[in-house]
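S.K.: Right, I'll just put the structure down here and ask away after.
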Amino acid sequence: AEWQNGFAEIIKHACIKDAAMFKELQSHDLKFYQSKKVELSKLIQRNAKIKLKVVQADEFEQADRKLLNFGHTLGHALENQYELSHGQAIAIGMTYASEISQQLLGFKQTDSVVKVLEQYGLPTYAAFDKQKVFAVLKMDKKRANKDISYILLERIGKGIVLPIPLTDLENLISNL
């Protein structure tokens, strides 16, 4: 379970900042990294550098650091409502963030994101009480007045922050 939690974060970093790493993840799986300690070490170092650069460049979460919340908006709401590990909740959140990216930005790689998450043993699509989850979402720390800063993908390796009005987000979530 902890391996899966860790790989949810690794996949998140690849989705928002590193298309080449995403391709590498596509060509392997959890068992590969569990048996190839040198490759695992390189992957962890690469992820730590991504996170370090983002955090150092935006210490107070005013710009790019928000990208680290990809999958976390819906994911945290699910984690609070259901018995899910952090990684499981974030994986489901990334799945639906990809779907929303497709609807709002024309993102064309949702299937690739879903396939990689599944390849690493993470859940993707899940049934959940959308009204209950939206009630939690309305209290999210990323809310600013009547908008939530939602992390979406223009393409794999290029995450963006998009303020979405709560009413629009409620409609998007109810139609997922």
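S.K.: Counting only residues that are without any contact (Cβ under 8 Å) to a residue 40 or more places away in the chain and over 21 Å from residue 125 (Cα atoms), how many does segment 65-88 have? Even if it seems obvious, please write down each step before you answer.
M.R.: Just the residues of segment 65-88 that are without any contact (Cβ under 8 Å) to a residue 40 or more places away in the chain, to begin with: 65, 75, 79, 83-84.
Restricting the remaining residues to those that are over 21 Å from residue 125 (Cα atoms) gives 65.
Residues that pass the stated criteria total 1.
S.K.: Exactly one of (1) out of contact with any Lys or Arg (no Cβ under 9 Å at 6 or more places or on another chain); (2) open to solvent by 30 Å² or more (accessible area, probe 1.4 Å); (3) not polar (S, T, N, Q) is unmet by residue 57. Its number?
M.R.: (1)
S.K.: Scan segment 107-159 for residues that are of a type in the set (A, V, I, L, M, F, W, C) and in a loop (DSSP other than H, G, I, E, B) and report the count.
M.R.: Of all residues in segment 107-159, those of a type in the set (A, V, I, L, M, F, W, C) come to 107, 113-114, 116-117, 122, 126-128, 133-137, 139, 144, 148, 151-153, 156.
Narrowing further to those that are in a loop (DSSP other than H, G, I, E, B): 107, 122, 126-128, 139, 156.
Within segment 107-159, residues that are of a type in the set (A, V, I, L, M, F, W, C) and in a loop (DSSP other than H, G, I, E, B) number 7.
S.K.: What number of residues within segment 22-42 satisfy the criterion of being part of a helix (DSSP H, G or I) and under 18 Å from residue 121 (Cα atoms)? Quick ask: steps written out before the conclusion?
M.R.: Quick first cut of segment 22-42, residues part of a helix (DSSP H, G or I) only: 22-26, 30-35, 37-42.
After this cut, where a residue has to be under 18 Å from residue 121 (Cα atoms) as well, the list is 22-26, 30-35, 40.
Count: 12.
S.K.: While we're on this one: Quick one: would you say residue 32 is modelled with pLDDT of 95 or more and either within 29 Å of residue 175 (Cα to Cα) or surrounded by 22 or more Cβ atoms within 10 Å (Cβ to Cβ) (or both)? Full working, then the answer.
M.R.: On the way: modelled with pLDDT of 95 or more: yes; either within 29 Å of residue 175 (Cα to Cα) or surrounded by 22 or more Cβ atoms within 10 Å (Cβ to Cβ) (or both): no.
Here the answer is no, as residue 32 does not meet what is asked.
S.K.: Applying the selection to segment 5-28, what residues are open to solvent by 60 Å² or more (accessible area, probe 1.4 Å) and either among the acidic types (Asp, Glu) or in contact with a strand residue (DSSP E or B) (Cβ under 9 Å, 6 or more places away or on another chain) (or both)?
M.R.: Matches in segment 5-28: 17 only.
Yes/no matrix, rows are residues, columns are (1) closer than 26 Å to residue 25 by Cα; (2) touching a Lys or Arg at 6+ places or on another chain (Cβ under 8 Å); (3) of a type in the set (Val, Ile, Thr):
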position: 98; (1), (2), (3): yes, no, no
position: 109; (1), (2), (3): yes, yes, no
position: 120; (1), (2), (3): yes, no, no
position: 136; (1), (2), (3): no, no, yes
position: 160; (1), (2), (3): yes, no, yes
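The values are calculated or read from the model by the stated rules, or taken from the named source; none is laboratory data. This is a predicted model, so every value here is computed, not measured. As a convention, Cβ positions derive from the backbone with ideal geometry for all residues, glycine included, and neighbour counts pool all protein chains shown. Quick note on the areas: whole protein, heavy atoms, side chains included, nothing else; ligands and nucleic acids left out. Shrake-Rupley method; radii C 1.70, N 1.55, O 1.52, S 1.80 Å.
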